[in-house]
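Here's the structure, in structure tokens; my notes come after.
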Amino acid sequence: MGSTPNIRSLGGEIKYLRRLVEKENKLWSAFNPSIAYSPKKGYAVTIRSSNYVILPHGQLDVTTGDHIQNKVWFAELDENLSITNLRQVDFSNSGYKFDRRVEDPKLLWRNGKWMFTAVAMERDIRVARHCECYLDAKATSVNKVVIYPGVEEKRPEKNWMTAGDKPKNFDYIYDGNGIVKDGYVIKKLVDFPRLSAIRGNTHLLPQDDGTYLAIVHGLWITRERVFVQTEFSSRDAVLKDYDHFLARFDENGWMIEISDPFKFVSQGIEFAAGLVQINDDLVISFGKDDISSHLAIVNKDTLMKTMKSVEKV
């Protein structure tokens, strides 16, 4: 894993967006931003904020309250892709009573409005479920939520991928390998078992030839003993490491090409939630270690040149 290139070694750059949603409040983070583009509104992001930090041994430590909660923030981006008018999204008129609120919002411009997909998990939603959240005209509050019942009853379902202009032949790609249409799985990628560890990330970026690009990831988990300086002792640790890939999907949602793996910055937790193209560059919004927000900017051709057919993976 140590030899996997990062964005800077590929000739790209990393732009810092945010560490805290409110500078005076250090109990709430700002991570997993999702960048999207509107032909009417320009570029914007959603940002997830949560009340926990990840301890050195991998466990989550709640910073305020007695359980994990989430907040969704929305902001426009200026010509330098810097945040402007950051505001918290209100869920009180969503038609659903949330306690934890949703995780990892992924922004889309659809039917002339901003909306985002996310993951819902509440006391009455015991297993993580995909949902759609529709914003008002000012992108300040959610006025409708649609929660999908789930494809597999006991399996958490995260990171579904779609496009702003809804694809004709499918609704969502999930896990990078399954295809959902009208709430049903219509296809699974079973011919290439080496891709079984690939999971979805960003929504789909349409291409002129009718295909789609997206960032997907592989998650590697190791268990080892680590020394925790704050406790002056060793503990069993569960450590996560992500590799990312640029993937191409055909008009039916079938993955047909995938790039060589890369990291954004370094080993550890990195999660991509947005993808746009600006001139010759791909701009990928991502979170680092569940605490901070960044943009990775890399030449599109640099990644495209490493792509190969899934049949050769």
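The values are calculated or read from the model by the stated rules, or taken from the named source; none is laboratory data. Here the structure is a predicted model, which is why all the values come from computation and not from measurement. Virtual Cβ from ideal backbone geometry, glycine too; neighbours counted across all protein chains shown. The accessibility values were calculated without ligands, DNA or RNA, using every heavy atom of the protein model including side chains. Shrake-Rupley method; radii C 1.70, N 1.55, O 1.52, S 1.80 Å.
For the reader, a short list of remarks on this structure follows.
- Sum of side-chain charges, GLY268 neighbourhood, beta-carbon under 12 Å (Lys, Arg +1; Asp, Glu -1): -2
- Full extension of the chain between SER196 and LYS113 yields a length gain of 26.4 nm, computed as 0.36 nm times the residue separation minus the alpha carbon distance.
- Amide N proximity, the range 139-183 versus ASN93 label position 7 Å along Cα-to-Cβ, cut-off under 14 Å: 139-145
- For the chain, with +1 on Lys and Arg beta carbons and -1 on Asp and Glu, the positive-most of PRO56, GLY218, THR306 along the dipole: PRO56
- Proximal lysines to LYS40, defined as alpha-carbon separation beneath 25 angstrom and excluding residues fewer than eight positions away on the same chain: LYS15, LYS106, LYS113, LYS138, LYS144, LYS166, LYS168, LYS300
- Largest GNM mean-square fluctuation among TRP220, TRP160, TRP73, using the chain with Cα springs under 10 Å: TRP220.
- In terms of its C-alpha gyration tensor, the chain comes out rounded, because the ratio a/c of the largest to the smallest axis stays below 1.5.
- Normalised by the number of residues in the chain, the mean separation of alpha-carbon contacts (under 8 Å, six or more apart) gives a relative contact order of 20 percent.
- For the pair ASP208 and ARG100, label points projected 7 Å from Cα toward Cβ lie 4.4 nm apart.
- Here the convex hull built on the C-alpha positions of the range 1-147 has a volume of 157 cubic angstrom per residue.
- Each residue, GLU122 and ASP78, gets one label point 7 Å from its Cα in the Cβ direction; the gap between the two is 3.8 nm.
- For the chain, modelled as a GNM whose springs connect Cα atoms under 10 angstrom apart, the maximal fluctuation among ASP290, ASP104, ASP208 occurs at ASP208.
- Taking every Cα-Cα distance in the range 1-53 and sorting them into 10 Å bins from zero, the calculated P(r) comes out as 20, 32, 35, 13, 0 percent.
- Averaged per residue, the range 248-313 has 37 square angstrom of accessible surface, using a 1.4 angstrom probe with ligands and nucleic acids left out.
- Restricting the GluC sites (Glu not before Pro) of the range 208-313 to loop positions (DSSP other than H, G, I, E, B) with no more than 16 neighbouring Cβ atoms within 10 Å leaves GLU231, GLU251.
- Mean residue ellipticity (222 nm) of the chain, computed from DSSP H runs ≥ 4 via -39,500 (n - 2.57), nearest 500: -500 deg cm²/dmol
- Computed from phi, the 3J(HN,Hα) profile of the range 93-102 under the Karplus parametrisation 6.51, -1.76, 1.60 (θ = phi - 60°) reads 9, 7, x, 9, 8, 9, 10, 5, 6, 8 Hz, with x in place of Gly and Pro.
- Each of ILE258, TYR134, ILE269 was scored by the projection of its Cα onto the charge dipole of the chain, and the greatest displacement toward the positive side belongs to TYR134; charges sit on the C-beta of Lys, Arg, Asp and Glu.
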